[in-house]
Amino acid sequence: MSQATNEAVLAAAEAENREFLVFSLGDEEYAIDILKVQEIRGYENVTRIANAPDFIKGVTNLRGVIVPIVDLRIKFHLDNVEYGGQTVVIVVNVADRIVGIVVDGVSDVMTLTPDQIKPAPEFGVTLSSDFLSGLGSLDDRMLVLVDIDKLLTSEEMALVDSTSNR
Amino acid sequence: MSDEDVFQLIFAPGFSTAKEVTDVSGRGVGMDVVKRNIQGMGGRVEIQSKKGEGTNTRIVLPLTLAILDGMSIKVGNETFILPLSTVLESLQPAKGDMYAMAGDDVVLKVRDEYLPVIAIHEVLDVENAITDPTKSIAVIVQGEGRRYAMLVDELIGQQQVVVKNLEDNYRKVPGVSAATILGDGSVALILDITGLHRLSRAKKEAGKAANQPYLSYYKEAEPS
């Protein structure tokens with residue numbers, strides 16, 4: 001095997017590895033595709049929006065851009081929803097929109113190989129498996145891989161006008 | 001009715017002078033759309049006309065749509081912006097000037113005119129707001145030709161604000177036309193008068209339906 005084809009094989013294998021940003025909601029660990037993440041910042045200064053679902057905390061000023069903030073802990077019906085110094089907002093870029101999601105903490109960036117990603121089982125009432133891209137297994141940890149694109153643009157998130165054709 | 005008022009009639013929805021009506025034209029829609037779009041941009045249309053001489057149509061638009069003269073108001077701990085062009089005056093309502101009407105509705109008498117009262121803290125669910133109308137401030141506003149009295153806690157002052165679109169990253173919010181960033185970096189919502197009025201009516205109706213379940217029962221039982 002020539003060196004060129006060898007490199008191509010290596011590159012192909014690497015391309016299939018995906019990097020994920022791991023964050024925690026309560027005791028559970030979730031992960032999203034790192035390419036969707038724009039930045040990570042603290043939770044501050046959110047202006048409430050009236051008559052919005054409770055998991056939409058409001059909007060905030062991100063360097064002059066008005067960005068909605070969604071609390072995934074409320075969306076996923078977690079018991080302990082507290083805002084403290086550790087509370088983090090992950091700013092993601094999905095469907096040409098910028099959205100901030102509130103999580104309990106960001107732990108690390110993980111590279112997962114295709115065989116570490118298991119298909120998501122068919123279940124889940126609060127988090128439909130439609131919004132999962134799989135379950136990542138990492139030694140004895142399980143990461144819930146969230147398809148943040150699908151989740152944030154879904155109708156039940158009420159983030160996107162259903163009438164708009166974006 | 002003054003001549004100006006008569007000329008404004010051609011902007012009324014459904015108003016037509018066409019003798020023949022086709023499927024698409026002559027139905028009194030076009031000029032209504034024109035006026036609404038111009039008003040939506042914060043402008044106005046004026047018509048002057050003299051028989052046998054001609055008609056002068058003036059469309060006045062703001063120089064820039066990005067900057068708006070606003071009146072900042074406080075309700076509870078939250079700050080909102082009212083477009084200054086909609087604000088006519090503000091006053092402290094006296095107890096005798098407020099009249100309840102058909103249960104939930106309240107009107108405020110201002111110089112022999114009865115204006116529907118919109119309590120912003122009720123419509124937008126603001127906590128820690130002043131609920132006693134005589135302790136709050138009524139801002140008389142005008143939107144789409146109608147006047148309303150909005151109850152707010154406090155007037156902060158006039159300021160120019162940069163209009164930021166909410167729909168870029170979020171969606172349309174009932175009662176809110178856009179957002180802006182205040183001096184301290186926080187976001188304030190710019191209120192939409194007619195939207196707020198619609199929202200307040202929708203809320204009252206929803207509240208009524210919840211309190212009087214038999215009404216919806218009757219509607220279901222007796223389809224008209």
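Where a number appears in this text, it was derived from the coordinates with a stated rule and is not lab data. None of the values given here were measured: they were computed from a predicted structure. No Cβ is skipped: glycine too gets one built from the backbone with ideal geometry, and neighbour counts run over all protein chains shown.
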Under the Karplus curve 6.51 cos²θ - 1.76 cosθ + 1.60, θ = phi - 60°, whole-Hz ³J(HN,Hα) for region A:24-40, x wherever Gly or Pro sits: 10, 10, x, 8, 8, 10, 10, 8, 10, 4, 5, 5, 7, 7, 9, 6, 10
At 222 nm, what helix-only mean residue ellipticity would chain A give, in deg cm²/dmol to the nearest 500, using -39500 (n - 2.57) for each DSSP H run of four or more? -4000 deg cm²/dmol
With the Cα gyration tensor of region A:79-126 in hand, convert its eigenvalues to equivalent ellipsoid semi-axes via √(5λ) and list them largest first in whole Å. 24, 17, 15
List the lysines whose Cα sits under 30 Å from the Cα of B:Lys51, skipping any in the same chain fewer than 8 residues away. B:Lys19, B:Lys35
Percentage of interatomic Cα-Cα distances in the protein assembly as shown larger than 36 Å: 43 percent
With labels modelled as points extended 7 Å from the Cα through the Cβ direction, what inter-label distance (nm, one decimal) is found for B:Asp32 paired with A:Glu44? 5.0 nm
How large is the charge dipole for the protein assembly as shown, taken about the Cα centre, if only the Cβ atoms of Lys, Arg (+1) and Asp, Glu (-1) carry charge, to the nearest 20 debye? 1780 debye
Over chain B, the sum of -39500 (n - 2.57) across DSSP H runs of at least four, divided by residue number and rounded to 500 deg cm²/dmol, gives at 222 nm -6500 deg cm²/dmol
Over what distance in Å are the Cα centres of region B:31-46 and region B:117-154 separated? 26 Å
Cα Rg over Rh - region B:3-60, Kirkwood: 1.00
So which trypsin sites (Lys or Arg not before Pro) in region B:67-124 pass both tests, a DSSP loop state and at most 11 other Cβ atoms within 10 Å of the Cβ? B:Arg111
Between B:Glu205, B:Glu20, B:Glu89, which gets the highest mean-square fluctuation from a Gaussian network model of chain B, Cα cutoff 10 Å? B:Glu20
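How much FRET efficiency would the formula 1/(1 + (r/R0)^6) give for B:Glu122 and A:Glu155, where r is the Cβ-Cβ distance and R0 is 35 Å, rounded to 0.05? Intermediate values should be presented prior to the final figure.
Details: r = 28 Å, r/R0 = 0.80.
Efficiency, from the Cβ-Cβ distance: 0.80.
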Once both labels are modelled 7 Å past Cα along the beta-carbon direction, what's the B:Glu89-A:Leu138 spacing in nm? 6.6 nm
Spacing of the two label points (7 Å from each Cα toward its C-beta) at B:Phe15 and A:Asp130, in nm: 4.7 nm
Normalised by the empirical 2.2 N^0.38 Å for globular proteins, what value does the Cα Rg of region B:1-120 take? 1.45
Once you have the Cα-Cα distance between B:Arg198 and B:Asp112, take 0.36 nm times their residue separation minus that, and quote the gain in nm to one decimal. 28.5 nm
Of A:Asn17, A:Asn93, A:Asn51, which has the largest mean-square fluctuation in a 10 Å C-alpha GNM of chain A? A:Asn51
Among A:Val65, B:Val173, rank each residue by its count of other Cβ atoms within 10 Å, from fewest to most, as a rough exposure measure. A:Val65, B:Val173
Under 27 Å from the Cα of A:Lys150 - lysines, other chains or at least 8 residues apart: A:Lys36, A:Lys57, A:Lys75, A:Lys118, B:Lys164, B:Lys172
Could you tell me what a quarter of the Cα convex hull surface of region B:67-208 works out to, in nm² with one decimal place? 8.8 nm²
Compute the angle between helix A:3-16 and the longest alpha-carbon principal axis of chain A, please, reported from 0 to 90 degrees and rounded to the nearest 10. 30 degrees
With springs connecting C-alpha atoms under 10 Å apart, model chain B as a Gaussian network and identify which of B:Lys164, B:Lys50, B:Lys135 has the largest mean-square fluctuation. B:Lys50
When 1/r is averaged over all different Cα pairs and the result inverted, which Kirkwood radius in Å belongs to region A:18-157? 15.4 Å
